[in-house]
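A short worksheet on the structure shown next.
Where a number appears in this text, it was derived from the coordinates with a stated rule and is not lab data. Since the structure is predicted, the reported quantities are computational estimates derived from the model, not experimental observations. Cβ: placed from backbone, ideal geometry, glycine included. Neighbour counts: every protein chain shown.
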Amino acid sequence: MSRPGRILSCATLMLLLATPAFAAGYEAELDPVPFDAVNRADVLGSIGNVTATLDGGTLTISGSFSNLTSNATGGSVRIGLAKGVPGDAIAALTVSHGRLGQVSGTVKLNAAQAAALNKQALYIRIDSEKAPDGNLQGWLESVGNN
């Protein structure tokens, strides 16, 4: 292995070992996705909250939602380029299929996803029948930073 390769390997290992031994807490307020004239009535008024704990590299999510205008169909943990910038799903969540209910799940984060969590670039999204591309969403922030 070349010297730059060894340096990169060592740096990656140190980053993984630097993960706190304690569980870190996160939270997000789930608000309606950005809306326009077409989807306003389908998302406005819905709300929710989630908490998450990062223990080692495993993120455990739990929360609730209410006031959806149609039944929830699914949920996901998603990664954006930065807070407020939508992105792709990295894990599915379990969601009650109703207008109110619970959301939960666990996901093993890789180093890039853990870094995104620390930069507040991971978020939770709940989809519904009338808003299949997102009804609620909220970016995860360290507890006390909301």
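Which residues, counting only those in region 119-134, are part of a loop (DSSP other than H, G, I, E, B) and either aliphatic (A, V, I, L, M) or under 13 Å from THR69 (Cα atoms) (or both)?
ALA121, GLU129, LYS130, ALA131, PRO132, GLY134
If I ask for residues that are out of contact with any strand residue (DSSP E or B) (no Cβ under 8 Å at 6 or more places or on another chain) and over 15 Å from VAL33 (Cα atoms), which ones from region 58-111 would you list?
LEU81, ALA82, ASN110, ALA111
Under 6 Å between Cβ atoms, at least 6 apart or on separate chains: pull out the pairs that start in region 53-64 with a residue that is more than 9 Å from TYR26 (Cα to Cα) and end on any residue that is assigned to a loop (DSSP other than H, G, I, E, B).
These pairs meet every condition: ASP55/ALA23; GLY57/LEU109; LEU59/LEU109.
Count, please, the residues in region 82-112 that happen to be polar (S, T, N, Q) and in contact with a Leu (Cβ under 7 Å, 6 or more places away or on another chain).
Final tally of qualifying residues: 2.
Name the residue, out of ALA91, ALA114, that is touching a residue at least 12 places away in the same chain (Cβ under 8 Å), more than 18 Å from GLU29 (Cα to Cα), assigned to a strand (DSSP E or B) and not basic (Lys, Arg).
ALA91
Answer yes or no as to whether ALA131 is touching a Ser or Thr at 6+ places or on another chain (Cβ under 8 Å), under 17 Å from LEU30 (Cβ atoms) and crowded, with 21+ Cβ neighbours inside 10 Å.
For ALA131, the condition - touching a Ser or Thr at 6+ places or on another chain (Cβ under 8 Å), under 17 Å from LEU30 (Cβ atoms) and crowded, with 21+ Cβ neighbours inside 10 Å - is met.
Which of the following residues is β-branched (Val, Ile, Thr) and surrounded by fewer than 18 Cβ atoms within 10 Å (Cβ to Cβ): VAL107, VAL143, VAL95?
VAL143
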